[in-house]
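Chemist: Got a structure for you, written out below as structure tokens; questions coming shortly.
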Amino acid sequence: MKLTEASIEFAKKHISKYWDSDFFPKSDVFDNLWTVWTSIKKFLLNNDVLDLDTTIPQVYAVPKQKGGYRIVHRLEPINAIMYTALAYMVAEKIELNRIPKEEKVACSYRIKITEEGDFFENRSFYSDFYDKSIELANKYKYVLKTDITDFYNQIY
């Protein structure tokens, strides 16, 4: 499988706008990579993704505010570009297979690729969640509430 020029350029825009992590501070490594972008893009375009080396991400146990730890990962920069490009290539297909947002069942971020490097619609879906909750509360007598503990740590 090969990355496309559009996917690689999107990855650069996305990482430039949002960085490679929402947890760690911005890395200067990407600014350095952008100075040799033509070479990096050529390398990524000319190689099958399955043949490219990937590295184990940096893994940190970070204390939570109320106790315990959260496991966070930081990808090696070229891997971050590759994975972002791959996500771009499948993002719209994933969104097409989700329950339509008009049904207000899944009130999470919805995929909407932009030229500026965005993956998601720039709006909160909380009002959809709230409205649907009121509608269901008026229809049903009981509510089941659950909290899936350590979901992200156990997803693998």
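The values are calculated or read from the model by the stated rules, or taken from the named source; none is laboratory data. What you see is a predicted model; the values in this text were computed from it and never measured. Methodologically, a virtual Cβ is constructed for each residue, glycine included, from the backbone with ideal geometry; neighbour enumeration extends over all protein chains shown. The accessibility values were calculated without ligands, DNA or RNA, using every heavy atom of the protein model including side chains. Shrake-Rupley method; radii C 1.70, N 1.55, O 1.52, S 1.80 Å.
Chemist: Being over 30 Å from Ser133 (Cα atoms), modelled with pLDDT of 95 or more and charged (D, E, K, R) is the requirement here; does Asp48 meet it?
Modeler: Considered against the rule, which asks whether it is over 30 Å from Ser133 (Cα atoms), modelled with pLDDT of 95 or more and charged (D, E, K, R), Asp48 comes out as yes.
Chemist: Which one of these does Asp128 not meet: (1) over 17 Å from the mean Cα position of the chain (by Cα); (2) surrounded by fewer than 14 Cβ atoms within 10 Å (Cβ to Cβ)?
Modeler: Here Asp128 meets the rest and fails (2).
Chemist: Of all residues in the range 84-101, count the ones that are open to solvent by 50 Å² or more (accessible area, probe 1.4 Å), without any contact (Cβ under 8 Å) to a residue 60 or more places away in the chain and of a type outside the set (Lys, Arg).
Modeler: Residues meeting the conditions: 7.
Chemist: Which residue out of Leu44, Leu50, Leu86 is within 25 Å of Thr114 (Cβ to Cβ) and out of contact with any helix residue (DSSP H, G or I) (no Cβ under 6 Å at 6 or more places or on another chain)?
Modeler: Checking each option against the conditions leaves just Leu86.
Each row is one residue, and each column tells you yes or no for (1) free of Cβ contacts under 8 Å to residues at least 40 places away in the same chain; (2) among the aromatic types (Phe, Trp, Tyr).
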position	(1), (2)
Lys12	no, no
Tyr18	no, yes
Leu33	no, no
Thr54	yes, no
Pro57	yes, no
Ala61	yes, no
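Chemist: Those residues that are at negative phi and modelled with pLDDT under 85, I need them from the range 130-154; list them, please.
Modeler: Across the range 130-154, the qualifying residues are Val143, Leu144, Lys145, Thr146, Asp147, Ile148, Thr149, Phe151, Tyr152, Asn153, Gln154.
Chemist: Residues being open to solvent by 50 Å² or more (accessible area, probe 1.4 Å) and either over 22 Å from the mean Cα position of the chain (by Cα) or hydrophobic (A, V, I, L, M, F, W, C) (or both): count how many of those fall in the range 48-79.
Modeler: 10
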